[in-house]
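Asks: Got a structure here, written out as structure tokens. Questions coming.
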Amino acid sequence: MSKSSSQQPTTSSYHKPVMLHECLDGLNIDPQGTYVDVTFGGGGHSLKILEQIKGGKLIAFDQDDDARKQAENIKSSSFTFCQANFMHLKRFLKLNGVTKVNGILADLGVSSHQIDSPERGFSTRFDGPLDMRMDKQASRTAAKVLNEYGEDKLHKVFGMYGELRNAKTVAGLITQQRVNKPFVRTEDLKNTLQKVAPRGKENRYFAQVFQALRIEVNSEMKALEDFLHQSGEVMEKGGRLVIMSYHSLEDRMVKNYINKGKVFGELEKDFFGNAIRPFAAVNRKPIEATEEEVADNNRARSAKLRVGEKI
Ligand SMILES: C[S@@+](CC[C@H](N)C(=O)[O-])C[C@H]1O[C@@H](n2cnc3c(N)ncnc32)[C@H](O)[C@@H]1O
């Protein structure tokens, strides 16, 4: 069901947290420690972390104003909320007098509340403006990308972030179409895509295109890369980095960073042959949701959870 963002949803109607117990296990919480939830959303994970903290603190981040409103419901003195992009992790921790932390959780992507709000333009299910900004103050919208990017740049966005086989064709079609009428609504885009979507698989195809646009609009890959590097710098020895991702590009970056100390490229060794990387993987393979959870929450289907421990 769709909700208007002017109504204040409850934590559970805002977003059902994915792999809650697995994330908490991954963090291995010291009640006196300092923890960061960089993707607060509806606060499902944050509330559970707070339950385990006694004397410690939780600093939560989210760039979305709707998430900030949710965070205002939490009155605990152990809790601080920063309405900021997690690519500025280190800076905002410093502003709050924190230089080292004992655990960081990231539950990447968008919340159910964002997807289910037609006016945000994230969903292929409702007609809405081509917006897709998590941070409503940001200047780049999906309409701007579709109406202003050159054909080559659009080709790259759809190929890389949507993994579309016919990315070049879509990019060409969009640049032709916008000459007659600029893209304004999600329906405009879907009507255009109908011409090139594989028959019978239209919805999956639309979802891939929308995902590509959302990643571009919110610079999600750049934000993740910057965040990963800073997580290593602020983490105490023995602290845990717990990251849940929902598509292969993100998961690959997280896996590489934990295993090789780099988002792209190979592991480097020092003069003595020791690996140069801030974390060691706690689990060799990513943790996935149980069948019961997937049956209860379809969003859990594609989630991959990786945990690194600071060396
Ligand atoms: C999947 S939801 C998190 C849900 C949350 N764990 C819960 O249980 O309610 C992801 C949230 O992270 C936020 N987000 C995504 N990328 C972000 C970034 N780079 N900086 C700050 N917030 C971000 C989104 O606005 C969204 O609210």
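The values are calculated or read from the model by the stated rules, or taken from the named source; none is laboratory data. Predicted model only: the values in this text are computed from it and were never measured. We place every Cβ from the backbone using ideal geometry, glycine too, and count neighbours over all the protein chains shown. Side chains are part of the model used for accessible areas, which takes the heavy atoms of the whole protein and leaves out ligands, DNA and RNA. Shrake-Rupley method; radii C 1.70, N 1.55, O 1.52, S 1.80 Å.
Asks: Can you give me the relative contact order of region 143-288 as a percent, contacts being Cα pairs under 8 Å and 6 or more apart?
Replies: It comes to 17 percent, rounded to a whole number.
Asks: Just going by the charge dipole of the chain, with Lys and Arg at +1 and Asp and Glu at -1 on Cβ, which of 164, 84, 31 is farthest out on the positive end?
Replies: 164
Asks: Relative to the longest principal Cα axis of the chain, at what angle does helix 248-260 sit, 0 to 90 degrees, rounded to 10?
Replies: 30
Asks: Here is a further query. Helix-only mean residue ellipticity at 222 nm, the chain, DSSP H runs n ≥ 4 weighted -39,500 (n - 2.57), per residue, nearest 500. What is it?
Replies: -12000 deg cm²/dmol
Asks: Sticking with this structure for a sec: Taking the Cα centre of the chain as origin, sum charge times position over the Cβ atoms of Lys and Arg (+1) and Asp and Glu (-1), and report the length of that vector in debye to the nearest 20.
Replies: 540
Asks: So what is the relative contact order for the chain, in percent, with contacts set as C-alpha pairs under 8 Å and at least six apart?
Replies: Contact order relative to length: 18 percent.
Asks: Kindly report, to the nearest 10 Å², the accessible surface of residue 153 as traced by a 1.4 Å probe over protein heavy atoms only.
Replies: 110
Asks: For the chain, max minus min Cα coordinate along each principal axis, in Å, sorted largest first?
Replies: 60, 52, 40
Asks: Now a separate question. Skip the ligands, DNA and RNA, and give the accessible area per residue of the chain with a 1.4 Å probe, whole Å².
Replies: Here the per-residue accessible area is 48 Å².
Asks: If you build the Cα gyration tensor of region 67-121 and take the root of 5 times each eigenvalue, what three semi-axes come out, in whole angstrom, biggest first?
Replies: 25, 15, 10
Asks: Once all Cα-Cα distances of region 191-245 are split into 5 Å bins that start at 0, what whole-number percent is in each one?
Replies: Result, from short to long distances: 4, 15, 17, 14, 12, 11, 9, 8, 5, 4, 1 percent.
Asks: While we're here: Under 8 Å for C-alpha pairs, at least 6 residues apart: give me the relative contact order for region 251-299, rounded to a whole percent.
Replies: This gives 25 percent for region 251-299.
Asks: Another one. Ignoring ligands, DNA and RNA, what percent of the 1.4 Å accessible area of the chain is carbon and sulfur?
Replies: The nonpolar share, carbon plus sulfur, comes to 48 percent.
Asks: So, in Å, what gap is there between the alpha-carbon centers of region 262-311 and region 1-77?
Replies: Cα centres, region 262-311 to region 1-77: 22 Å.
Asks: Of the lysine pairs in region 121-203, how many meet both conditions: Cα atoms under 15 Å apart, and a spacing of 8 or more in sequence or different chains?
Replies: Value for region 121-203: 8.
Asks: Based only on Cα atoms, what mean projected area does the convex hull of region 178-303 have, in nm²?
Replies: The Cα convex hull of region 178-303, projected and averaged over all directions, gives 12.0 nm².
Asks: Using bins 10 angstrom wide from zero, how does P(r) for region 9-52 break down, in % of all Cα pairs?
Replies: 27, 57, 15, 0
Asks: Also, I was wondering about something else. Under 5 Å between amide hydrogens, which residues at least 5 positions from residue 235 or on another chain qualify, with H placed 1.01 Å from N in the peptide plane?
Replies: Amide H neighbours of residue 235: 101.
Asks: What is the set of long-range amide H partners of residue 60 at a cut-off below 5 Å, with H atoms built 1.01 Å from backbone N?
Replies: Correct list: 37, 80, 81, 82.
Asks: Magnitude of the Cβ-charge dipole of region 90-185, K/R +1 and D/E -1, about the Cα centre, nearest 20 debye?
Replies: 360
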